[in-house]
1. Count, please, the residues in the range 48-82 that happen to be surrounded by fewer than 16 Cβ atoms within 10 Å (Cβ to Cβ), more than 13 Å from residue 28 (Cα to Cα) and among the hydrophobic types (A, V, I, L, M, F, W, C).
2. Scan the range 88-103 for residues that are exposed (fewer than 15 other Cβ atoms within 10 Å of the Cβ) and of a type in the set (A, V, I, L, M, F, W, C) and jot them down.
3. Return yes when residue 85 is out of contact with any Ser or Thr (no Cβ under 9 Å at 6 or more places or on another chain), surrounded by fewer than 22 Cβ atoms within 10 Å (Cβ to Cβ) and part of a strand (DSSP E or B) and no when it is not.
4. Search the range 88-103 for residues being part of a loop (DSSP other than H, G, I, E, B) and among the aromatic types (Phe, Trp, Tyr), and hand back the single one that is farthest from residue 58 (Cα to Cα).
Amino acid sequence: MSKQVIQTDKAPAAIGPYSQAIVGNGTIYVSGQIPINPETGVMPETIEQQVAQSMKNVVTLVEKAGGSTETIVKCGIFIRNMADFPKINDVYATFFTCPPPARAVVEVSQLPKGAMVEIEAIALVG
């Protein structure tokens, strides 16, 4: 069994001792993506913009490994305020056709760099 590191400058660089994503046995595991725009290094201000940027970062890594939004089977979403849940759903839904992937949403007290959202994913690739 082997694993392949997926790395691209089109998603934010890891800010700790982890890989942006790893592929093993035809599955990509995307590390949590905070909403940093990799071109500017800037994080958007609104929750809607942050969800969109985090999802763009996730999709970039999945596509780099040969997958697509249609091959994403599970997402984990970490948010700082559960009151933002409806706004998060509205933006998140624009990234998927039916049926969307399985998902968990968890409210947390803090996220790296003060982000309001962090999204991780598992997808089939290859």
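Here, each number is a calculation from the coordinates, and none is a lab measurement. No experiment lies behind these values; they were computed from the predicted model shown. Glycine also receives a Cβ, built like all others from the backbone with ideal geometry; neighbour counts cover every protein chain displayed.
1. 1
2. 93, 98, 102
3. Taking the combined requirement at face value, the residue does not satisfy it.
4. It comes out as 96.
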